[in-house]
Amino acid sequence: MVNAIDSLQLAGESIASRLWLGSSMYPSPEVMSQAISAAQPGMVTVSLRRQTAQQLADNDHWRYLQQHLQHNECRILPNTAGCHSADEAVLLAHMARELFGTRWIKLEVIGDEYTLQPHPVQLLAAAERLLADGFEVLPYSTDDLVLCRDLHQMGCAAVMPWGAPIGTGRGLQNQRQLQQLRERLPEAVLVIDAGLGKPSQAMAAIEMGFDAVLLNTAVAKAQDPVAMAQAFAKAVDGGRQAYLAGLMVEQTQASPSTPTLGLPFWHQADSHD
């Protein structure tokens, strides 16, 4: 894990890890629990739509999540997955706050069923209402600069643009746009949410300067979710260390690592032939 001095500051609170995980689609609650333990994520998302209040109280899925909340530094992050309007999302967010006892909410308002692309108009409307109601809002969005800028200026704790459509594993499809987003919103907490499939893709996002990554399918659907969770944790830590170290500037032409002046002895020997 990255040094605590470099911990992510979000809405006045310290988040222990820059890797965040979802809690769905694992082979079993036990495997989910083991993967979370292996990754030690800063946030664990849970969807209220996938379970009724009675199930949350009774099933193993919720019991395992509660164990991690009690014994680890990860936080629960309810989401509004499955909502298609601002009204739906606001209602579900209020239910989640009552049930989970947290003001944090991952805001999702889907506008297209095929790509699961967020609906920008409904997303902005829902964010504005939830902020007024005292929530710490973390909206899932596209990588559109204007949309992300408006969400940030509105007061969202973080803005979470996609790397690629949810569950595709395609990684960072538009790196140039994401880089511009990072450069144009230097004060915003930006989290890559959705589309990551490999640890190397998560590392690339963190190297680029994004503050965290959120993923689910890449771990839950891996052949060995626990080992994959560990791999992502190491990749995120490595990416953050590389970002802080300062990456070299890319060059358009080759640049010799050994200068002409002071050639190695075997070069000097060849020059006398």
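Considering 246, 238, the condition of being more than 14 Å from residue 21 (Cα to Cα), modelled with pLDDT of 95 or more and over 15 Å from the mean Cα position of the chain (by Cα) is satisfied by 238 alone. Restricting the first member to segment 66-84 and to residues that are within 27 Å of residue 127 (Cβ to Cβ) and of a type in the set (S, T, N, Q), and the second to residues that are at pLDDT 80 or above and part of a loop (DSSP other than H, G, I, E, B), the beta-carbon pairs closer than 6 Å and six or more apart or on different chains are 79/108; 80/108.
Tell me whether segment 190-199 contains one or more residues that are modelled with pLDDT under 95, within 13 Å of the chain's Cα centre (by Cα) and either of a type in the set (Gly, Ala, Ser) or more than 21 Å from residue 138 (Cβ to Cβ) (or both). Within segment 190-199 (the criterion being modelled with pLDDT under 95, within 13 Å of the chain's Cα centre (by Cα) and either of a type in the set (Gly, Ala, Ser) or more than 21 Å from residue 138 (Cβ to Cβ) (or both)), the answer is yes, since at least one residue qualifies. Entry remark, segment 23-42: residues being more than 14 Å from residue 233 (Cα to Cα) and not β-branched (Val, Ile, Thr) number 10 in total. For segment 185-195, taking the residues that are among the aliphatic types (A, V, I, L, M) and buried (at least 19 other Cβ atoms within 10 Å of the Cβ), the one that is nearest to residue 221 (Cα to Cα) is identified as 194. Given the options 129, 182, 170, name the one that is open to solvent by 20 Å² or more (accessible area, probe 1.4 Å), out of contact with any Leu (no Cβ under 8 Å at 6 or more places or on another chain) and assigned to a helix (DSSP H, G or I). So the residue among 129, 182, 170 that is open to solvent by 20 Å² or more (accessible area, probe 1.4 Å), out of contact with any Leu (no Cβ under 8 Å at 6 or more places or on another chain) and assigned to a helix (DSSP H, G or I) is 129. Residues of segment 85-102 that are open to solvent by 60 Å² or more (accessible area, probe 1.4 Å), at pLDDT below 95 and either in contact with a helix residue (DSSP H, G or I) (Cβ under 9 Å, 6 or more places away or on another chain) or among the charged types (D, E, K, R) (or both): 95, 97, 98, 99. Selection of first residues in segment 102-116 that are small (Gly, Ala, Ser) and of second residues that are in a strand (DSSP E or B) and open to solvent by 50 Å² or more (accessible area, probe 1.4 Å), restricted to Cβ pairs under 6 Å at least 6 apart or on distinct chains, gives the following pairs, ordered by first then second residue: 111/117.
Whether any residue in segment 162-171 is at positive phi, of a type outside the set (D, E, K, R) and over 15 Å from the mean Cα position of the chain (by Cα) is what I want to check. The answer is no; no qualifying residue exists. The residues in segment 134-161 that are assigned to a helix (DSSP H, G or I) and either in contact with a strand residue (DSSP E or B) (Cβ under 6 Å, 6 or more places away or on another chain) or on the phi > 0 side of the Ramachandran plot (or both) can be counted, and the count is 4.
Taken together, the criteria place residue 41 among residues that are under 20 Å from residue 158 (Cα atoms), assigned to a loop (DSSP other than H, G, I, E, B), of a type outside the set (A, V, I, L, M, F, W, C) and at pLDDT 85 or above. Would you point out the residue of segment 196-221, among those that are surrounded by fewer than 23 Cβ atoms within 10 Å (Cβ to Cβ) and touching a strand residue (DSSP E or B) at 6+ places or on another chain (Cβ under 6 Å), that is farthest from residue 235 (Cα to Cα)? That would be 216. Restricting attention to segment 103-126 and to residues that are assigned to a helix (DSSP H, G or I) and more than 19 Å from the chain's Cα centre (by Cα), the residue that is surrounded by the fewest Cβ atoms within 10 Å (Cβ to Cβ) turns out to be 121.
The values are calculated or read from the model by the stated rules, or taken from the named source; none is laboratory data. No experiment lies behind these values; they were computed from the predicted model shown. Neighbour counts are summed over all protein chains in view; Cβ atoms, including those assigned to glycine, are modelled from backbone coordinates with ideal geometry. Keep in mind that these areas ignore ligands, DNA and RNA; they rest on the heavy atoms of the full protein, side chains included. Shrake-Rupley method; radii C 1.70, N 1.55, O 1.52, S 1.80 Å.
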